[in-house]
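**Q** Quick one: the structure is below, and I'll ask about it shortly.
The values are calculated or read from the model by the stated rules, or taken from the named source; none is laboratory data. What you see is a predicted model, and the numbers here were worked out from it, not measured in a lab. Every residue, glycine as well, gets a Cβ built from its backbone with ideal geometry; the counts of neighbours run over all protein chains shown.
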Amino acid sequence: MEIVDTYCEAFEGLVVQLMVTAQDAEFLTRAVNAFTALPSTVFGDAEGGIVRWLSDKETIDKRLGAIVQLWVTGTGKKATTKFYEQLGRRVRQGILVVPTTAVFDYYPETSKTKFNMMENIGHCGDGYEWIVEKFNRKLINVPIMMGYDFLIEEEITYAQGVMGGNLWLFCDSVESGIKVGREGVKILAEIDNVCTTFDVCSAGSKPVFPDAKYPEIGPSTNHPYCPTLKGRTSPDEFKVPEGVSSIPELVFNGLNISDVKVAMQKTIEGISDMSGLLKISAGNYGGKLGKYKIYLRELGLKRSYFK
């Protein structure tokens, strides 16, 4: 197995990290999936991901839970305003409507930047909401028809993080691509403060160039790396190595650059000996778009995979 001597290009973004809890796995899964569904930053909204699942011994209120993240690209005032709106929308429509759910701030470090959740979540109570103190935290109690009121922490931390860490997994078949990709997702699910926003991603994209055929689509398929286009594109464009039939991508965000590097290192080391994996690379845009360049050679891998 070879690693291409390249880098992934990552971006600045804003992030919240939350703990979501519920009385049982069915309600918890529904709420978490609804909150994190549709990674859609490209459409100007927000993207979410699951960091990891929690047992009832690990949560604040001793119920089943999960740690989730929500992100927007950018860090300025406009991004912050959009983020507050999107966070409120996702919580209201994805979590509040699921019975027995609660939301807690779970950012691991102290930060001065916080959203007060009364205006965009609390007022769902139509003026009948109130503040309660439980679990040594101030929570907004939103009365709902279910009879088990919705709780959300009054203040939620937001901070700058790193978006778009990625790995490309060059495999000898679709079956091995699925198997290797899923193992990579499992590894990422054991790493704190990192989420994967697309799970096993089947369609890596390329930037919207000025001469794009369909600019209204946004980022389109990265056609030089589509195995099924062999013989349908010019030899100069086609970049899929001989013997490669599948190139799944793993995309992940982390609270800081160290989290992203750790995720990349552990994922590579965890999948490197898997059958069907021929090569690992990463996606970048020539260093023109993202603030961060994360070189695979500088990840501190325990073995040398570079030729």
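**Q** Somewhere in segment 107-117, is a residue within 30 Å of Gly164 (Cα to Cα) and either aliphatic (A, V, I, L, M) or in a helix (DSSP H, G or I) (or both)? Walk me through it before giving the result.
**A** Filtering segment 107-117 down to residues within 30 Å of Gly164 (Cα to Cα) leaves 107-117.
When the remaining residues are screened for being either aliphatic (A, V, I, L, M) or in a helix (DSSP H, G or I) (or both), the result is 117.
There is at least one residue in segment 107-117 that is within 30 Å of Gly164 (Cα to Cα) and either aliphatic (A, V, I, L, M) or in a helix (DSSP H, G or I) (or both).
**Q** For segment 199-209, does any single residue satisfy the condition of being surrounded by 13 or more Cβ atoms within 10 Å (Cβ to Cβ) and under 14 Å from Ile271 (Cα atoms)?
**A** yes
**Q** If you don't mind, another one. Looking at (1) at negative phi; (2) of a type in the set (Asp, Glu); (3) free of Cβ contacts under 8 Å to residues at least 40 places away in the same chain, which one does Asp199 not meet, given that it meets all the others?
**A** Asp199 satisfies every listed condition except (1).
**Q** Here's another thing I want to ask about it. Which numbered condition trips up Ser176, out of (1) in a loop (DSSP other than H, G, I, E, B); (2) farther than 21 Å from Ala66 by Cβ; (3) assigned by TED's automatic domain parsing to the domain that holds Ile280?
**A** It fails just one condition, (1).
**Q** Quick one: count up the residues across segment 120-143 that are outside any strand (DSSP E or B) and either under 26 Å from Leu255 (Cα atoms) or not assigned by TED's automatic domain parsing to the domain that holds Tyr84 (or both).
**A** Of the residues in that region, 4 qualify.
**Q** Turning to a different aspect of this structure: For Glu175, indicate whether it is surrounded by fewer than 21 Cβ atoms within 10 Å (Cβ to Cβ), among the acidic types (Asp, Glu) and either over 30 Å from Asp5 (Cα atoms) or at pLDDT below 95 (or both).
**A** no
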